[in-house]
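Novice: Take this structure, written in structure tokens, and hold onto it; I'll ask about it next.
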2 protein chains.
Amino acid sequence: MTRSPLTREAVLEAAAALVREHGPGALTMRRLAGELGTAVTSIYWHVGNREQLLDALVERTVQDMGAIRAAGRTPVERVVSVAAGMRRELREHPHLIGMVHERGLTERMFLPAQRALVAEVRAAGLRGARAADAVRAVQFQVVGFVLVERNRERSPVQSPGEGELWDPPQGSAADAPATAPGDPALARALARPADPERLFTLSVRALAEALLAQG
Amino acid sequence: MTRSPLTREAVLEAAAALVREHGPGALTMRRLAGELGTAVTSIYWHVGNREQLLDALVERTVQDMGAIRAAGRTPVERVVSVAAGMRRELREHPHLIGMVHERGLTERMFLPAQRALVAEVRAAGLRGARAADAVRAVQFQVVGFVLVERNRERSPVQSPGEGELWDPPQGSAADAPATAPGDPALARALARPADPERLFTLSVRALAEALLAQG
DNA sequence: ACCTGAACACCGTTCAAGT
DNA sequence: ACCTGAACACCGTTCAAGT
């Protein structure tokens, strides 16, 4: 029953499967060895230590990420479509995004998207440092949004606090300004959980509108 | 040499110190016990398991966070000042923010800031669901930005990829649109590392301008 | 060149036993 | 009510030894 000889590629494949199916927490060297039917120590020979294994894994999926193409008529709509594409790609790799983030590779991951954003920003008439700022603002916005969003999904017991907002601030100092006097629709809207999809589009569009208006 | 009896408060204090000085990774039950001069198992009696200890720790510092007051003349400037305050508070607890984030408490952490934002958004004339969207958009923007920013700081080997953007896309398909034809200032700006402080203010101001303009 | 088991230094957690 | 040590089931990593 000699197994096919272990390769670096096979190790990465098994590791990726483990992460995909059971999350990054399930990726232990010993469990991986079990999955591969080898001794733990063999893995070290092929991919170095655990940290290097994770690096390779991340590198791999970053390169697998597809290009992002703009769609829409106005530059603002095209920027929004690129942002939506970035978000979609991030969300398609729910486990990886955290690992990419921890490794500081989020920007490299979005080089193609950056290229697309540059084109749109220039089409809107922005040049030089101002154009660069606009591109970066959108990139930060998108990545940041997805990070917050993903976290929100993982721990759904978020909203209880949001209701308190409308009770009198009991323990707090009296210098807290009175807010939302007589706007029950606002209060209700904030009490409801946010619709991330809508909020995302709305935010990116607002940001893009303001930034591109300078062109 | 009988030590003063162990209390829940003492455990939390020691744990907080450990995190503050050596990061969350240093907070192990055994090391904590060592620091306190007790058996590991005593900790369990006082605070439950490690997860509950972290919960309590986070809860603690979330409540310690000060109120945030708006400053400035226009609603936009006042929103920007609140956002800056949120960012400052987050950055003052560099280790905690990750823990808060993982526990999905970021929003609760910012209830006072939300109250301030509601006031400004209403001052700009927004009402109901539209006002709620504006508030949430800013909140997401700020928290997301700080998350991305913090990650960037932790792994400074980020920029190498950004240079590649301006080389001909060698391996990539020919369908990649040509970008930034003849804008060396843009290329240079994107090659330089971003100035987060500037980018933050710029982004929040742009977002606030567009959102508040609807009022 | 590739794979192995043994060993080291860590983890979090449970539990029966002490006072 | 509070604290303890022993024990269990895990970790990542090193290393000398095998083929």
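Novice: About the Cα centre of the protein assembly as shown, what is the dipole size in debye to 20, counting +1 per Lys and Arg Cβ and -1 per Asp and Glu Cβ, all else neutral?
Specialist: Once rounded to the nearest 20, the dipole reads 240 debye.
Novice: About the Cα centre of chain A, what is the dipole size in debye to 20, counting +1 per Lys and Arg Cβ and -1 per Asp and Glu Cβ, all else neutral?
Specialist: For chain A, the charge dipole is close to 680 debye.
Novice: Which residue is it, in chain B, whose C-beta lies closest to the B-to-A rotation axis, and what is that distance in whole Å?
Specialist: Minimum Cβ distance to the axis, with residue: B:Gly144, 1.
Novice: So the label point goes 7 Å from the Cα of B:Met29 along Cα→C-beta, right? Which residues of segment B:63-105 then have their backbone N under 14 Å from it?
Specialist: none
Novice: Could I have the simple spin-label model distance between B:Arg198 and B:Gln52, label points 7 Å from Cα toward Cβ, reported in nm to one decimal?
Specialist: Inter-label distance under the simple model: 5.1 nm.
Novice: Give, rounded to the nearest 20 debye, the magnitude of the charge dipole that segment B:8-48 has about its Cα centre when Lys and Arg contribute +1 at Cβ and Asp and Glu contribute -1 at Cβ.
Specialist: 120
Novice: With the crude spin-label approximation of a point 7 Å out along Cα→Cβ, what separation in nm comes out for B:Ala10 versus B:Trp45?
Specialist: The two pseudo-label positions are separated by 1.2 nm.
Novice: If you take each beta carbon of peptide B:120-127 and count the beta carbons of other chains within 10 angstrom, what is the mean? Show your work: numbers first, answer last.
Specialist: Values: counts 1, 3, 5, 0, 0, 0, 2, 4.
If you average over the peptide's residues, the count of other-chain Cβ atoms is 2.
Novice: Continuing with the same structure: Run through the other copies and list how far each one's label point is from that of A:Arg198, in nm with one decimal, shortest first; the point sits 7 Å from Cα along Cα-Cβ.
Specialist: 3.7
Novice: Along Cα→Cβ, 7 Å out, is where each label goes; now give me the distance between the ones at A:Ala123 and B:Ala213 in nm to one decimal.
Specialist: According to this spin-label approximation, the distance is 1.9 nm.
Novice: Kindly give the distances from A:Gly128 to its copy-mates, label point to label point, with each label point 7 Å from Cα along Cα→Cβ, as nm values to one decimal ordered shortest first.
Specialist: Inter-copy label distances (nm, one decimal, shortest first): 4.5.
Novice: Charges on Cβ only, +1 for Lys and Arg, -1 for Asp and Glu, centred on the Cα centroid of the protein assembly as shown; of B:Leu6, B:His95, B:Ala123, which one is farthest towards the dipole's positive end?
Specialist: B:Ala123
Novice: Same structure again: Distances from A:Val40 to the same residue in each other copy, label points 7 Å out along Cα→Cβ, in nm, shortest first?
Specialist: 1.6
Novice: Counting partner chain Cβ atoms within 10 Å of every residue's Cβ in A:188-201, what's the average?
Specialist: 3
None of the figures in this text is laboratory data; all of them are computed from the coordinates on show. All values reported here derive from a predicted model rather than from experimental measurement. A quick note on method: Cβ atoms are made from the backbone with ideal geometry, for glycine too, and the neighbour counts reach across all protein chains shown.
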